[in-house]
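Single-structure report; data block below.
The values are calculated or read from the model by the stated rules, or taken from the named source; none is laboratory data. Source: prediction; values computed, not measured. We place every Cβ from the backbone using ideal geometry, glycine too, and count neighbours over all the protein chains shown. Keep in mind that these areas ignore ligands, DNA and RNA; they rest on the heavy atoms of the full protein, side chains included. Shrake-Rupley method; radii C 1.70, N 1.55, O 1.52, S 1.80 Å.
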Amino acid sequence: MALPPPDPQFVLRGTSAEVHTLHFYCGGQEPDYPILFSGSSNGLIHVWNLKTRRVNTILDGHGGKSVYWVEAIYGRDRLLSQGRNQKICLWDLAEGRNTVTDSVFTENVGFCKCSLLKVAQGHWLMAMPGKDLDEVQVLELPSKTSVCTLKPEADAKPGMPMCLKLWQPDFGSCPFLLAGYEDGSVILWNLSGGKILSRLACHQEPVMSLDFDSEKMKGVSGSSEEVLTVWSLDEQQNLKVQKTHKLVNAGIADVAIRQDKKILATAGWDHRIRIFGWKNLKPLAILDYHTATVHCVSFSDHSRPSERLLAAGSKDHRISIWSIYNPTSGALHCPLETRKPD
Amino acid sequence: MDPEPFEVGRAVQEAINILSSSRNGVQISEALGTIKCYLGGTENQAPLKEREEFTHVHFSAFLRGLVSNLSPDWIELLTSDQQKELWDSFFLEGPADQAFLVLLDSIISTGPSFRLMKVISILEQFLQTGGMSALMWEVCHQQAQAGLPIFQETLLNKVVCLPDHLCNKLQGNNLPIFFPQNYFPLLATEIIQVLQRISDSLRGGLDCSISFVSQVLGKVCVHGRREEILNVLVPRLMDLTKVDCIWQRMCWRLVECVPDRWMEAVVCGFVQKAPGADVLSRLLGNLVVKNKKAQFVVTQKLLLLQCSYVTAVLQNLLGYLALDSLRRSLLIKVLKELLETWGSSSAVKHCPVEQQLYVSKAILICLSHLKEPEIESNGQELLTSMMGGMKCHLDSNLPRVRRLGMIVAESISSRITTDGPSLKFQYEDDDETRELKSLLQTAPLQLPVTDLPNAGNDSPSATPKAVSKPSGNPHPAAPAVPEEGSDLELDSDDDLIPYDMSEDKELKKMKAPVYIRDCVEVLTGSEDMDKWEATMKVLESLIRRNSATTREVSMELVKVLLHLEEKTYIEGFVELRKRALVAVTITDPVPVVQYLTSQFYSLNYSLCQRMDILDVLALAAQELSQPQASGKNKPRSTQSPCIQTVPGSDSSQNWRRIVDERIKSKTRHLAKGQSLVEPACGPNKFSSLAGHFFFPLIQNFDRPLVTFDLLGDDHLVLGRLAHTLAVLMYFAIHTVAAAAMGKSLLEFVWALRFHTDSYVRQGLLSAVSSVLLSIPSERLLEDMTDEFLETQSWLADVAEKDPDGDCRRLAWQNLLLMENLLKKLSVPS
């Protein structure tokens, strides 16, 4: 008999709005405490202290419009946030400040989250939806200069970009962009040439979210239908469907692969978080806590693997924090040590 | 004139005289020695003619003389050697038939005495030394030259009835060899001996009649000793006929010569004992074609007139018919007759289910033996009878009969249309259906036994090998193919053990309504299937929680529910709807019940809806009549949709209660603590309502509507009605209306008592049980004496004659109840 799925480690309440995005920052040394940023539909960004499990700071910079992407930059002192007021803000959080120091105006009105990639010390690339509906723009930060604009050819018609993932191979220097589009296809862009390298129609419905593992060169995408697709990228830069998994209920809002590439978490419209083994997409657990759609999942970047956390933000205003499949965590949360000799 | 006959006669007469008068041992032994010469076998034997004359004319008389002189002091005149040589040998070496007759006659006529003991020991020796085979051989031999029929008849009687005679005579002192279980096997081996001799003489070119052996066999079989004799005979014959065509012919002849009046017993015995159709075919030959009686037994009696044989017998029988081209025409004829029986609506109605099962099995086996061309040439006929039969089977109210019909029809249609779609029914598989289907799968029998078994003598032993070959797969399932991908990821995440994921169900998005009025709205108007489904799921609990609100809309709600159709598939829709209806009925009984009972007899309802009404009424009555603590621990109706309450069985619990009470009254409680569980008690809510439930239902059953005719085609509903009335009556126990209800229920039963449908009769019988259980016995016997007595006589009739086993059982149960009632009443007075 399999163990019943674990309960959340703890639950963060008090955003009083739907939670759309989550981002951990746990890299700091003592006495710095691990932080979780959350963006909600009322335009506020909460900064949670994971030690006290209380809100540290509340940032209000999007005019009450929902925040749907946050990411730390420059350690914990700077934060990028993207909101429905068509602005991407750069926050200065050092020494207790909380001011917007810079902002980019996006002309796009979609829901596509940006993607950030550190290319060198002090240099980042940020992909964001562009002015035209089907366009993706890549900026260099902090200079905000446009590196390229990726626009599919006129006859391709993939629709709006829905999700973006910038990545760079371990050995190469040239970064790539994976974008999921409205028509259900995933497109691999070469940033240097601004060309489509490969296009894979892996869903019937818009791709809601994707994540990519640059070690194994394979990625996963979820859409509003009831299928989770794993695809791989071969040496000829072709995307191929590797495996699909049929879900009980339709709709995946977010997917995330843990940093150690062991497990994969999905945020389901059916209120459930699902955990899969990343190697062969073996279903591992169904975390059923939320009472409404789960909007986002995120894994913490704790330096010690045993402390790694999974956070999920939901429409029911709550953020649940889980500790699951951690190599040395307590027996209650790790079935590894309670394995039966069968 | 030839003086010799007188000479022999005189010598015998003299000897007899000496034996009876002389007291001199030497003289007696000399006389015996003289006669012995006539028997032959000694060195100084008499001339052949004299010997023949002696054996034909004087032997019996001489033996009688010998026996009549037997007494202890007389026999002591001879030494024991002389006794053996001179006295015993007459019986053991002389003509066996005469000796046997004399022995038996003297046993029958002698009382317990020394003589009887002596004769019996001689008879024992006679049997042990193969006397019977000598006897039969002699008769067979004579028959070839036309023997005496009366003599043979007597002999036959004595041979077959030997155990009876001896048993009667000896009572407790009988010897084991004369027990039927020993004697008949012995007789069987003797028969084989005779047959052996006959076959030898046939090979020698001599003619020989086998008919006496056949008669023995037939008479033994008809006397009920089939088992004993055939258990030995059949295996031996099986072995002997395997390789020898003379033996085969003899065996055929043996069965053919059995007189018609005993043919049935013999054929049935062979069919039962033969281990397979090929053996049966070898043993019987084309008997069914040659002998009318045997044909009747095989094609009619064994198949259509009884059902006690196991399936293997059927397989033997039909396989036997299929094995020869001459007999195949019979097989087709049999199949047609079987199908006629199977398809006759009166047979379906009046035959016990076991018989129908038997016929169905036979049909399936026939089908498995038929070949393509045969089916093609009879296809149309098969199709017609299949359609007819299917109709009357599907009409039946008994699920088992319906299923039998489905299986047989499916099988026929699959055989008729080898390509293209065939009939397919939905039913649940159980052991019976699987067995039936397997009958159809049995491969047609192996090669028929050739007419010259000498040529193909090893074929029977070869067949099992041939059969076993395809089953023995030299390659067992190949080891599981390694799953793709496992090769490149050996260190896969096996260490990640999945949690329990059984909770991962489809998510119900829709919120269920909270108010009953909303429910009504959703059920009537909404096109949103999710909402509709959610409503159905909460409806019952809503109704039960808000009884005041429910009363306001009860009529509306019950109308909606009654007409509700399953717009989209919902798990357990029927049950949900029924429970909701029951809940409404309980919350607001009077108007709802009035409405439901009136709708039961009105136009434009489907049978299903009418039966739903009945079910709802019965379930509601049950719930109302049960005491409960204000609906807290409401009895979840665990009954299946089909109500099968048989109140009659409750009588068995009565005695236990009485015993418990007696024990309680005799037990002294020294300290009375608090009793453990207070049984729930409360007023019986059903008592004031029983009439509302009952009378409108029973009123109109004999008034047919255009669409609904209870006394005609809709007997399924009538059966359900009878059952429901029985249930209502049962729950009306201890109510004021019970007596009146019982009276009209008995009238209802009386009106329908000869209904042809057994399901209806079962309903009526359980109604009678309810009446007996629910009405106080005084009322029953004083106010309804006539009905009571009438019912009793009807029950006695049913218990004896009804074709349906359940009906008979119920009737017995009722009779028992009645008897108990009468006893209870007579005890106080």
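Tabulated data for the structure shown
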item	result
Filter result for B:Gln295 (assigned by the TED database to the domain that holds B:Thr433 and closer than 30 Å to B:Thr341 by Cβ)	no
Filter result (buried (at least 23 other Cβ atoms within 10 Å of the Cβ) and within 14 Å of chain B (Cβ to nearest Cβ)) within segment A:291-307	A:Val294
Matching helices (runs of 4 or more DSSP H) fully within segment B:212-314 where at least 3 residues are within 30 Å of B:Ile150 (Cβ to Cβ)	B:226-243, B:245-256, B:260-273, B:292-296
Members of segment A:94-116 found to be in contact with a strand residue (DSSP E or B) (Cβ under 6 Å, 6 or more places away or on another chain), more than 12 Å from A:Gly130 (Cα to Cα) and among the basic types (Lys, Arg), listed by number	none
Total residues in segment B:340-371, condition farther than 23 Å from B:His715 by Cα and either outside any helix (DSSP H, G or I) or modelled with pLDDT under 85 (or both)	2
Residue in segment A:4-11 that is buried (at least 20 other Cβ atoms within 10 Å of the Cβ), more than 16 Å from A:Arg308 (Cα to Cα) and within 14 Å of another protein chain (Cβ to nearest Cβ) present	yes
Number of positions in segment B:80-104 that are open to solvent by 40 Å² or more (accessible area, probe 1.4 Å) and touching a residue at least 40 places away in the same chain (Cβ under 8 Å)	2
Residue within segment A:311-322 that is assigned to a loop (DSSP other than H, G, I, E, B) and either at pLDDT below 90 or of a type in the set (S, T, N, Q) (or both) present	no
Condition check for A:Leu80: farther than 23 Å from A:Ser16 by Cβ and within 18 Å of the chain's Cα centre (by Cα)	yes
B:Pro591, sole failed condition from (1) over 22 Å from B:Gly691 (Cα atoms); (2) surrounded by fewer than 22 Cβ atoms within 10 Å (Cβ to Cβ)	(1)
Number of positions in segment A:12-34 that are part of a strand (DSSP E or B) and open to solvent by 10 Å² or more (accessible area, probe 1.4 Å)	4
Identity of the residue in segment A:203-222, over 14 Å from the mean Cα position of the chain (by Cα) and open to solvent by less than 20 Å² (accessible area, probe 1.4 Å), that ends up farthest from A:Lys165 (Cα to Cα)	A:His203
Flag for B:Asp713 being more than 19 Å from B:Pro589 (Cβ to Cβ) and either open to solvent by 70 Å² or more (accessible area, probe 1.4 Å) or outside the structural domain of B:Leu773 (by the TED database) (or both)	yes
Test for A:Asp60: is it at pLDDT 90 or above, out of contact with any helix residue (DSSP H, G or I) (no Cβ under 8 Å at 6 or more places or on another chain) and within 14 Å of chain B (Cβ to nearest Cβ)	no
Segment B:333-360: number of residues that are open to solvent by 30 Å² or more (accessible area, probe 1.4 Å) and over 13 Å from the mean Cα position of the chain (by Cα)	10
Filter pass, B:Glu381 being farther than 23 Å from B:Asp757 by Cβ and open to solvent by 50 Å² or more (accessible area, probe 1.4 Å)	yes
Some residue of segment B:748-768 being more than 26 Å from the chain's Cα centre (by Cα), farther than 30 Å from B:Val401 by Cα and crowded, with 17+ Cβ neighbours inside 10 Å	no
Segment A:219-245, subset over 22 Å from A:Ile273 (Cα atoms) and not aliphatic (A, V, I, L, M), residue nearest to the other protein chains (Cβ to nearest Cβ)	A:Gln242
Pair list, Cβ < 9 Å and 6+ apart or interchain, from segment B:5-26 residues that are in contact (Cβ under 8 Å) with a residue 40 or more places away in the chain to residues that are of a type in the set (Asp, Glu) and open to solvent by 60 Å² or more (accessible area, probe 1.4 Å)	B:Arg23/B:Asp73; B:Gly25/B:Glu76
Helices (runs of 4 or more DSSP H) completely within segment B:740-829 that count 1 or more residues being within 27 Å of B:Ser687 (Cβ to Cβ) and among the aromatic types (Phe, Trp, Tyr)	B:785-801
Selected residue (only one of B:Ile246, B:Ile229 is among the aliphatic types (A, V, I, L, M) and open to solvent by 10 Å² or more (accessible area, probe 1.4 Å))	B:Ile246
